[in-house]
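Chemist: The following block contains the structure, expressed as structure tokens.
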Amino acid sequence: MSDDQSYDLSRFKATYFEECAELLATAEETIARLQDGTGSADDLNALFRCVHSIKGGGGAFAFDDLVHFAHVFETSMDALRSGRAELTPHVADILVRGNDTLGDFVRAAQDGVTLPADHGSEVKAHLAAIISGEPAAPKAAAPVSAPPAAAAGFTTWTIRLAPAPGMLRTGNDPLLMIRELSGLGEMKVAADLSRLPALAEMDALNAYLAWTFTLVTDKGRNSIEEVFEFVAGDSADVTIEQIGKTVEAEDGDGWGLFAPLPPAPETAPAPPAAAPVAAAQPHPAAAKGGGDAGAAGIHTSSIRVDLDRVDRLVNMVGELVITQAMLGQQASGFSIESHPELVQGLQELSHHTRELQESVMAIRAQPVKALFSRAPRLVRDLSAKLGKQAKLVMSGETTEVDKTVIEQLSDPLTHLIRNSLDHGIEMPEERIANGKPAEGTIHLAAEHRSGRVIIQVSDDGKGIDRKRVLEKAVEKGLVERGAQLTDEQIDQMIFAPGFSTAAQVSDVSGRGVGMDVVRRNIQDVGGRVVVQSTPGQGSRFILSLPLTLAVMDGMLVAVGNQRYVLPLTNIVESLRPTPQQARTLVNVGDVLTLRGDYIRLIRLYDLFGIRNAITETTRGLVVVVETEGGDRIGLLVDELLGQQQVVIKSLDSNYRPVEGISAATILGDGRVALILDVGALRIMGERLNRAQGEAAIGAQAAE
């Protein structure tokens, strides 16, 4: 084979390991259903297929340790799904450990390291116990040269396997099937060389050998059919015939793995001596095990693309959006009467750019299901460790989020669930004494709301002990003793670095790093964390995240000579207030009355120190926006400049964090505009009003 036709094995290995990660995650999710009693026979079959596929691909790359463990795991699953072993809670726990150990072997193969010889031996022994618990355990295979002994209840079968020429292309390995079949009893194998071409005519991607097996086993036809379930029909011709119930001893050494059939007809080309062994080896392209696709002309509905390529595509779309905005800015003085074709072309360009942007964003979107699937086991393991009873309820698993956002959510969700179990959910006896059920509930939910992704972690525990939090904050010097803080300000203390109310440090909590990680990771992706807690009833942590980190729809507003972008999803309405609507309340500050409600008014020019801005409320415009927590505030601006799509540029990585600003963008005229963080503006406005109120009181006292 020429160099340009050679295969890069590392590419196929990378694909295999990606699929292993998906299969292991699917297996863990499936086992979780089996553990909590909601599983079914379909879940047992799905788990079997996951392990079988990992084993098949591992065999293609000669990952012997992985294949050996996977075979034991797979055999135990076969005992369960056939009813020869019972799925008890103890057995379900063993399956969890088996999946973990299988993951260890996969990661070791990926990293090119060898695990200790006894790694997973305890789990393997438990899996073997599941197998040996069958009413009729498989008979151990005799040495290759030994004939089968006569035994009552054993059946003799003749099986013929004739792979389709393109079977290797589907990732299936006949050698692995032969080994698996031999595990059912004692077997004689004869190779059929009649389809083997001359060496010069051989295609390394094609399968040429066929085999006839004589199998003596106490298993039924179903066990034999399961060996070939992924290839029978499309990828191979498989025939299974029963030839007798009794077994007669046979003299001679006729039980070799590749004992040939009688010579092929004279018309068949004479095969090279080494061909049988060479043809039996799997091709490197057989990276995907356990598939059931056709042998040739395979149709796929999806492809794998490196994330770096998608990121480059997203960046280029972002630059295209900026260029389109610049062209629109340059052509803003043209009328459709004077330049009809140019104006129409720019409108079509804008339309196509938006469609392209939405399509690219959809490529990066992934459901949070993969992220949520880790939570059930975390709750089970941690509840057992803490001696608590808790159940996990999940909803909105199909909610899609940008992949980059999902990657930043793993640690925060883990810490929030651990926090709910350790600090929120009470011990069973305490819950019963308080009139609650002994088992606590943690609810993990995701949804799209107002153009953002909202993920909530709530519990029905004891809530935040604000008195204890405040004492710890004073003790650590975070606030002065005697300071009067609102409930919200006290709740935010739990996110301070190194802050913890745990009485002692354990492997669950006490170091004060968990909640700090939550806030830092969420802020890194332009999100916010809102805490709601009621003593004795529980707590809710609300993570508000952007749908994407690349492009957004915004409203451009002017304040003095500055330009800002308000996320369109936060805007409720805009209005020019009347003198009756604009008021000032004692201890509150400027407010706006709107249909009977009071809305806090925040003057952006005052907040950011902007000159030459409109300061009179009735002469400016108020944009009413909604925060992640559902509160509404009014932002005083000079005017609205129009809605447009903007490309999000990180301010943290390109400059430094700025309070009240979530990111920046480049406008059509090349100027930089800052994107406002509505939630942070509310906090800044409240702080400014308090400072101004205290200054006013001080001035009055001085007079």
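Chemist: Select from region 203-231 the residues that are assigned to a loop (DSSP other than H, G, I, E, B) and either under 18 Å from L175 (Cβ atoms) or of a type outside the set (D, E) (or both) and list them in ascending order.
Modeler: Correct list: A204, L205, N206, A207, Y208, L209, K219, G220, F228, E229, F230, V231.
Chemist: Just wondering, is there one or more residues in region 13-25 that are touching a Cys at 6+ places or on another chain (Cβ under 7 Å) and touching a residue at least 24 places away in the same chain (Cβ under 8 Å)? Steps first, answer last, please.
Modeler: If we filter region 13-25 for residues that are touching a Cys at 6+ places or on another chain (Cβ under 7 Å), which is where we start, we get 23.
Subset that is touching a residue at least 24 places away in the same chain (Cβ under 8 Å): 23.
Yes.
Chemist: State all residues of region 112-130 that are within 29 Å of P89 (Cβ to Cβ) and either among the hydroxyl-bearing types (S, T, Y) or part of a loop (DSSP other than H, G, I, E, B) (or both); if no residue qualifies, say none. Spell out how you get there, then give the answer.
Modeler: First, pick out the residues of region 112-130 that are within 29 Å of P89 (Cβ to Cβ): 115, 118-130.
Once the filter is applied, which keeps residues that are within 29 Å of P89 (Cβ to Cβ) and either among the hydroxyl-bearing types (S, T, Y) or part of a loop (DSSP other than H, G, I, E, B) (or both), region 112-130 yields L115, D118, H119, G120, S121.
Chemist: Applying the selection to region 193-234, what residues are more than 14 Å from G183 (Cβ to Cβ) and among the β-branched types (V, I, T)?
Modeler: T212, T214, V231
Chemist: Find the residue count for region 628-641, including only residues that are under 36 Å from the mean Cα position of the chain (by Cα), buried (at least 18 other Cβ atoms within 10 Å of the Cβ) and without any contact (Cβ under 8 Å) to a residue 60 or more places away in the chain.
Modeler: Summing the residues that are under 36 Å from the mean Cα position of the chain (by Cα), buried (at least 18 other Cβ atoms within 10 Å of the Cβ) and without any contact (Cβ under 8 Å) to a residue 60 or more places away in the chain in region 628-641 gives 1.
Chemist: Go through region 513-542 and count every residue that is in a loop (DSSP other than H, G, I, E, B) and either modelled with pLDDT under 80 or in contact with an Asp or Glu (Cβ under 6 Å, 6 or more places away or on another chain) (or both). Give the steps one after another, and end with the answer.
Modeler: Quick first cut of region 513-542, residues in a loop (DSSP other than H, G, I, E, B) only: 513, 525-527, 535-537.
Next cut, either modelled with pLDDT under 80 or in contact with an Asp or Glu (Cβ under 6 Å, 6 or more places away or on another chain) (or both) only: 513, 525-527.
The qualifying residues number 4.
Chemist: Still on this structure, I have one more. Could you count how many residues in region 543-560 are modelled with pLDDT of 90 or more and either out of contact with any helix residue (DSSP H, G or I) (no Cβ under 6 Å at 6 or more places or on another chain) or part of a loop (DSSP other than H, G, I, E, B) (or both)?
Modeler: Residues flagged as modelled with pLDDT of 90 or more and either out of contact with any helix residue (DSSP H, G or I) (no Cβ under 6 Å at 6 or more places or on another chain) or part of a loop (DSSP other than H, G, I, E, B) (or both) within region 543-560 amount to 4.
Chemist: Just checking, does region 642-649 include any residue being of a type outside the set (D, E), closer than 23 Å to V531 by Cβ and surrounded by fewer than 17 Cβ atoms within 10 Å (Cβ to Cβ)? Don't jump to the end; show me each part of the working.
Modeler: Keep residues of region 642-649 that are of a type outside the set (D, E), which gives 642-649.
Now narrow it down to the ones that are closer than 23 Å to V531 by Cβ: none.
There is no residue in region 642-649 that is of a type outside the set (D, E), closer than 23 Å to V531 by Cβ and surrounded by fewer than 17 Cβ atoms within 10 Å (Cβ to Cβ).
Chemist: Checking K436 against (1) charged (D, E, K, R); (2) part of a helix (DSSP H, G or I); (3) under 25 Å from M394 (Cβ atoms): exactly one of these is not met. Which one?
Modeler: So K436 meets the others, but not (2).
Chemist: Right, another one. Condition check: modelled with pLDDT of 80 or more and in a loop (DSSP other than H, G, I, E, B). Does P138 satisfy that? Before the answer, list the steps.
Modeler: Numbers: modelled with pLDDT of 80 or more: no; in a loop (DSSP other than H, G, I, E, B): yes.
The answer is no for P138.
Chemist: Hey, among R583, R595, R611, which residue is over 23 Å from Q692 (Cβ atoms), free of Cβ contacts under 8 Å to residues at least 60 places away in the same chain and more than 41 Å from the chain's Cα centre (by Cα)?
Modeler: Numbers: R583 fails: over 23 Å from Q692 (Cβ atoms); R611 fails: over 23 Å from Q692 (Cβ atoms).
Unique residue meeting the criteria: R595.
Yes or no, residue by residue, for (1) among the β-branched types (V, I, T); (2) crowded, with 16+ Cβ neighbours inside 10 Å; (3) touching a residue at least 12 places away in the same chain (Cβ under 8 Å):
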site	(1), (2), (3)
L349	no, no, yes
T353	yes, yes, yes
V360	yes, yes, yes
L378	no, yes, yes
A384	no, no, no
V393	yes, no, yes
V405	yes, yes, yes
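So that you can scan it fast, the table gives a plain yes or no per residue for (1) part of a helix (DSSP H, G or I); (2) modelled with pLDDT of 85 or more:
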site	(1), (2)
S301	no, no
L320	yes, yes
E341	yes, yes
G345	yes, yes
E348	yes, yes
R354	yes, no
M361	yes, no
R380	yes, yes
V393	no, yes
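Chemist: Looking at Y7, Y16 in this structure, which one is at pLDDT 85 or above and either of a type in the set (G, A, S) or more than 25 Å from A129 (Cβ to Cβ) (or both)?
Modeler: Details: Y7 fails: at pLDDT 85 or above.
Y16 is the lone residue from the list that is at pLDDT 85 or above and either of a type in the set (G, A, S) or more than 25 Å from A129 (Cβ to Cβ) (or both).
Chemist: Tally time: how many residues in region 474-493 are within 24 Å of R540 (Cα to Cα) and not aliphatic (A, V, I, L, M)?
Modeler: Final tally of qualifying residues: 7.
Chemist: So which residues in region 544-563 are small (G, A, S) and either closer than 14 Å to A663 by Cα or under 37 Å from the mean Cα position of the chain (by Cα) (or both), if there are any at all?
Modeler: Of all residues in region 544-563, those small (G, A, S) come to 544, 550, 554, 558, 560.
Of everything in region 544-563, those that are small (G, A, S) and either closer than 14 Å to A663 by Cα or under 37 Å from the mean Cα position of the chain (by Cα) (or both) turn out to be S544, A550, G554.
Chemist: Can you tell me which residues in region 563-587 are of a type outside the set (S, T, N, Q) and either touching an Asp or Glu at 6+ places or on another chain (Cβ under 7 Å) or surrounded by 18 or more Cβ atoms within 10 Å (Cβ to Cβ) (or both)?
Modeler: Taking region 563-587 and keeping what is of a type outside the set (S, T, N, Q), we get 563-568, 571-573, 575-577, 579, 582-583, 585-586.
Within region 563-587, Y564, V565, L566, P567, L568, I571, V572, P577, A582 qualify.
Chemist: While we're here: Taking the condition of being surrounded by fewer than 21 Cβ atoms within 10 Å (Cβ to Cβ) and either under 14 Å from L47 (Cβ atoms) or touching a residue at least 40 places away in the same chain (Cβ under 8 Å) (or both), how many residues in region 101-111 meet it?
Modeler: Within region 101-111, residues that are surrounded by fewer than 21 Cβ atoms within 10 Å (Cβ to Cβ) and either under 14 Å from L47 (Cβ atoms) or touching a residue at least 40 places away in the same chain (Cβ under 8 Å) (or both) number 3.
The values are calculated or read from the model by the stated rules, or taken from the named source; none is laboratory data. This is a predicted model, so every value here is computed, not measured. Cβ atoms come from the backbone with ideal geometry, glycine included; neighbour counts cover every protein chain shown.
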